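The values are calculated or read from the model by the stated rules, or taken from the named source; none is laboratory data. Keep in mind that what you see is a predicted model, and the values were worked out from it rather than measured. Here the Cβ positions follow ideal geometry from the backbone for every residue, glycine too, while neighbour counts run over all protein chains shown. Quick note on the areas: whole protein, heavy atoms, side chains included, nothing else; ligands and nucleic acids left out. Shrake-Rupley method; radii C 1.70, N 1.55, O 1.52, S 1.80 Å.
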Amino acid sequence: MQEQKEAYGVLMDVHGACLAAMKVGEPLSAVYEAATETIKEKDATLRDKFVSSCGFGMGLEYRERNLQLNSKNKNTFQEGMVFNLSIGFQGLERKEAKDEKSKAFAI
């Protein structure tokens with residue numbers, strides 16, 4: 001249970017950093033960079049458990065391919081854009097789990 005609480009706390013800090021990075025004129029990659037920097041500051045062991053993208057832009061298509069919130073996207077935020085911010089950790093383990101089924105978790 002303690003691992004889950006700690007990972008959730010880090011994820012909430014990451015969420016705040018991602019929202020703060022979503023500014024008009026900034027590159028979309030700034031969101032992923034803010035997320036990874038926050039993880040490094042709070043708990044670097046979670047870095048390899050973080051998802052590969054922080055979400056995507058929504059427009060004519062539900063998931064606009066050119067508006068992915070990842071480390072490589074240099075498109076910039078524009079006024080009126082809509083995004084789905086989707087962050088998380090996967091492949092985490094509870095050390096005190098009593099059986100294999102309850103050992104693995106994601107947030």
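With angles folded into 0 to 90 degrees, how steeply does helix 29-43 sit against the dominant principal axis of the chain? Use alpha carbons for both and round to 10.
For 29-43 against the chain, the angle is about 20 degrees.
If the viscosity is 0.692 mPa s and the temperature 37 °C, what translational diffusion coefficient in µm²/s does Stokes-Einstein give for the chain when Rh comes from Kirkwood over Cα pairs?
Calculated translational D: 225 µm²/s.
Taking only protein heavy atoms and a 1.4 Å probe, what accessible area per residue, in Å², does the chain have with all protein chains in place?
Result: 64 Å² of accessible area for each residue.
Under a plain spin-label model, where a point goes 7 Å from the Cα along Cα-to-Cβ, how far apart in nm are Gln78 and Phe105?
4.2 nm
Name the shape class, rounded, prolate or oblate, that the alpha-carbon gyration tensor gives for region 21-66, where a ≥ b ≥ c are the square roots of its eigenvalues, rounded holds for a/c under 1.5, and otherwise prolate holds if a/b is larger than b/c and oblate otherwise.
Verdict is oblate for region 21-66.
Under 5 Å between amide H atoms, partner at least 5 residues away or on a different chain: which partners does Phe77 have, H built in plane at 1.01 Å?
Hits under the 5 Å cutoff: Gly25, Glu26, Leu28.
List nothing, just return the count: lysine pairs in the chain, 8 or more apart or interchain, with Cα separation under 20 Å.
Here the count comes out as 17.
In terms of modelled amide H atoms, which long-range or inter-chain residues lie less than 5 Å from the amide H of Gln68?
Amide H neighbours of Gln68, under 5 Å, 5+ apart: Gly57.
Sort the following peptides by mean Cβ neighbour count (other Cβ atoms within 10 Å, averaged over residues), highest first: 13-20, 30-37, 44-51.
Per-residue Cβ counts within 10 Å, averaged per peptide and sorted highest first, yield 30-37, 13-20, 44-51.
So for the pair Gln4, Ala44, with labels modelled 7 Å out along Cα→Cβ, what separation do we get in nm?
Modelled inter-label distance: 2.9 nm.
Taking the Cα atoms only, what angle lies between the long axis of helix 2-21 and the longest principal axis of the chain, rounded to 10 degrees?
The angle comes out near 10 degrees.
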